[in-house]
Structure formats: structure tokens, C-alpha cells
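K.L.:
I have a structure here, written as C-alpha cells, and I will follow up with some questions on it.
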Amino acid sequence: MAANFNVITFTKRIIDLSWLLKVLQGRGYDANINQIESIGNWEFNDLINHPQDVEIAEVLELLEKGRILLIFGEIQSFKFVVMLSKTDTIYETRVSLDTKYIEYLDSDTLNDVTRPIYDEISNVLLSSEMVNKLLVSALGVEVVVDYDEDFNKMYLDSHNVVRWVFGTQEGAGKRDLMGYTRVAAGVWDRNIQV
């Protein structure tokens, strides 16, 4: 069984999924949504299947009503799942990409092959369309992280984060992330364990 490459993002406003699909397509990626579901809670109660041609804005309204969205699709024939939820005023977007057929992405270190992928994702997160919405994002394989206003608590309770990316509000503060090195404005990479 393959692992999942994860990008877990916490924002002040919902990420415009139409914009995100256009960004992917503009960068030469064939991205398609195959299935959209919503659930009432994380126990997967009250599952509803939505037509895949439904307007994204219509589905996002369900998020505002407390439902959790599951979007299944493919990028270049690689399967992904996007899970969207909202807690109080914080939006959480979890993207999982199955590494079964892209084994080089199933790595807990940055190297010549994985770094460009992390950089590409970081560039999207720090783009003018996203950076002011972004609180923090965690990237890696099988990442475990839950949002907490106290970043130190969130950081200490997290697992498998290879890269942290901070938006303008969160990135402005002075950080001392033990085991991580600041490699660019708002970007911290895990130090290689030797």
C-alpha cells in the first residue's frame, strides 16, 4: 500500500478551487474532478453524492453550513483527494496525492527530485492570490497536523512535516522551529537527519 503526499493548509478564507484548477491547468497539469461528496461529520455520517458538474460555489456553501467536503480527482492520471472543512473561522484544506505510481514523492526528505515539487506548491501558497488568506501549511508524506492558534503547540503535536509555509500574518513573527531551517520568506524546511 502506498503512502499519501499531503498538503494541509489552514486559511482565514476558503481557497477558490476554480482558481486552483486554473493554476494547475495553466502550469500544464491535466487536473479533473471525478466525484464530489459531502458528509455531516468525520464519522462519515449523512454522506451525500453531488454531481461532478455542480458549481463549485454551490458546493462550498455546504461548507459554510458545517458539512465536510470530499473531492476526488486526478492530476496527470494520479489520484488525489481534497478534504475541506471549517472550524469556527478557520478553513482547512487537506490535499492527499497517492504515491503508488509516483514513488519518488514517497520521501520524507527534500532532494533534487522532490524539492521542485515542494517549491512549486510553496509558490502557489505564497502567490498574491493566497498569501493573505494563508495562516500556515504543512507539506510531507502522511502528515499529521491539527490547527491551533498557539503555533508552538500545533508544531509540537505535528508529525511528518517536511516543510512549513506561513502566510503574511503568521510568517511575520520571529520563529525558532527546532529541527527546521528558514530557506525563504515564510518557508521552513526540516533539517536532514544524518
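K.L.:
Trypsin sites (Lys or Arg not before Pro) within region 1-67: which are DSSP loop residues with at most 15 other Cβ atoms inside 10 Å? Spell out each step's value before the answer.
P.N.:
Numbers: sites: Lys12, Arg13, Lys22, Arg27, Lys65, Arg67; in loops: Lys12, Arg13, Arg27, Lys65, Arg67.
Hits after loop and neighbour filter: Lys12, Arg13, Arg27, Lys65.
K.L.:
Here is a further query. Could you work out how far apart the two model spin labels at Arg182 and Leu156 are, taking each label as a point 7 Å from the Cα in the direction of the beta carbon, and quote it in nm?
P.N.:
Taking the two extended label points, one gets 2.2 nm.
K.L.:
Show that you can apply the helix-only estimate: for the chain, add -39,500 (n - 2.57) for every DSSP H stretch of four or more residues, divide by all residues, and state [θ] at 222 nm to the nearest 500. Let's see the in-between values first.
P.N.:
Working: 5 runs with 41 residues, N = 194.
It lands at -5500 deg cm²/dmol.
K.L.:
Still on this structure, I have one more. Which whole-number percentage describes the relative contact order of region 1-101, with Cα contacts under 8 Å and a sequence gap of 6 or more? Please list the in-between numbers first.
P.N.:
Numbers: 183 pairs, mean separation 36.6, N = 101.
Dividing the mean separation by the residue count of region 1-101 yields 36 percent.
K.L.:
Distance between Cα centroids, region 1-71 to region 100-158: provide it in whole Å.
P.N.:
18
K.L.:
Work out how much length His50 to Arg13 would gain on full extension: take 0.36 nm times their residue separation and subtract the Cα-Cα distance, in nm to one decimal.
P.N.:
On the way: separation 37, 0.36 × 37 = 13.32 nm, distance 2.28 nm.
Length gained, His50 through Arg13: 11.0 nm.
K.L.:
Given Val95, Asn160, Leu63, which one lies farthest toward the positive end of the charge dipole of the chain, if we put +1 on the Cβ of every Lys and Arg and -1 on the Cβ of every Asp and Glu?
P.N.:
After comparing all options, I get Asn160.
K.L.:
In the chain, carbon and sulfur make up what percent of the accessible area (probe 1.4 Å)?
P.N.:
Working: 5410 of 10770 Å².
Solvent-exposed carbon and sulfur of the chain make up 50 percent of the total.
K.L.:
Calculate, axis by axis, the spread of Cα positions in region 41-89 along the three principal axes, and write the results as whole Å, longest axis first.
P.N.:
Computed over region 41-89, the largest-to-smallest principal extents equal 34, 23, 22 Å.
K.L.:
Residues of region 4-89: accessible area per residue at 1.4 Å, in Å²? Provide the component values of the computation, followed by the final result.
P.N.:
Working: 4810 Å² over 86 residues.
About 56 Å² of surface per residue is accessible.
K.L.:
Report the FRET efficiency, 1/(1 + (r/R0)^6), for Glu149 and Ser107, where r is their Cβ-Cβ distance and R0 is 25 Å, rounded to 0.05. Spell out each step's value before the answer.
P.N.:
On the way: r = 31 Å, r/R0 = 1.25.
According to the calculation, E is roughly 0.20.
K.L.:
Give me the compactness ratio for region 84-171, meaning the Cα radius of gyration over 2.2 N^0.38 Å.
P.N.:
Output field value: 1.11.
The values are calculated or read from the model by the stated rules, or taken from the named source; none is laboratory data. What you are looking at is a predicted structure, and each value in this text was computed from that prediction instead of being measured. Glycine also receives a Cβ, built like all others from the backbone with ideal geometry; neighbour counts cover every protein chain displayed. Note: accessible area is taken over every heavy atom of the protein model, side chains too, but ligands, DNA and RNA are not part of it. Shrake-Rupley method; radii C 1.70, N 1.55, O 1.52, S 1.80 Å.
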